[in-house]
Amino acid sequence: MEQEELIPANDFCIHHNIEYSFISSLENSGLISVTSVQSSTYIHPDEIHKLEKFVRLHYDLDINIEGIETINYLLERIEEMQREIVSLRNKM
């Protein structure tokens, strides 16, 4: 993966007016993955959509990390069930 593709975590924090510790907490809980290159932290573009969703949940709705983990788990389960429904309908 080339470094040009990656988004500096500090730039993301400045742009969204959030603290870096929030990104660190999300990474520690396994909700997002970040890449470290030469003592700098970067976010892969594929993670941005999830990260922005988590920012809105935390800062706009005041949901803590544990709540975000639960919401993320439930949303993933819903998506999984929707894929299963589509698959079952296609078999009919």
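The values are calculated or read from the model by the stated rules, or taken from the named source; none is laboratory data. These numbers come from a predicted model, not from an experiment. Using ideal geometry, Cβ is built from the backbone for each residue, glycine included, and neighbour counts are taken over all protein chains shown.
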task = Can you confirm whether region 31-45 contains a residue that is among the small types (Gly, Ala, Ser), at pLDDT 95 or above and touching a helix residue (DSSP H, G or I) at 6+ places or on another chain (Cβ under 9 Å)?
result = no
task = Within region 46-62, work out how many residues are touching a helix residue (DSSP H, G or I) at 6+ places or on another chain (Cβ under 9 Å) and either of a type in the set (Lys, Arg) or surrounded by 16 or more Cβ atoms within 10 Å (Cβ to Cβ) (or both).
result = 7
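Hey, can you tell me all the residues within region 19-45 that are within 19 Å of Leu74 (Cβ to Cβ) and surrounded by 15 or more Cβ atoms within 10 Å (Cβ to Cβ)? Walk me through how you get there before you give the answer.
Quick first cut of region 19-45, residues within 19 Å of Leu74 (Cβ to Cβ) only: 26, 29-32.
Of everything in region 19-45, those that are within 19 Å of Leu74 (Cβ to Cβ) and surrounded by 15 or more Cβ atoms within 10 Å (Cβ to Cβ) turn out to be Leu26, Leu31, Ile32.
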task = Considering only residues that are in a helix (DSSP H, G or I) and more than 13 Å from Phe54 (Cβ to Cβ), look in region 1-12 and name the one that is modelled with the lowest pLDDT.
result = Gln3
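State all residues of region 31-56 that are part of a loop (DSSP other than H, G, I, E, B) and free of Cβ contacts under 8 Å to residues at least 12 places away in the same chain; if no residue qualifies, say none.
First pass over region 31-56, keeping only residues part of a loop (DSSP other than H, G, I, E, B): 31-33, 38-39, 44.
Gln38, Ser39 - these are the residues of region 31-56 that are part of a loop (DSSP other than H, G, I, E, B) and free of Cβ contacts under 8 Å to residues at least 12 places away in the same chain.
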ask   = Does Tyr59 meet the test of being among the aromatic types (Phe, Trp, Tyr), outside any helix (DSSP H, G or I) and more than 12 Å from the chain's Cα centre (by Cα)?
value = no
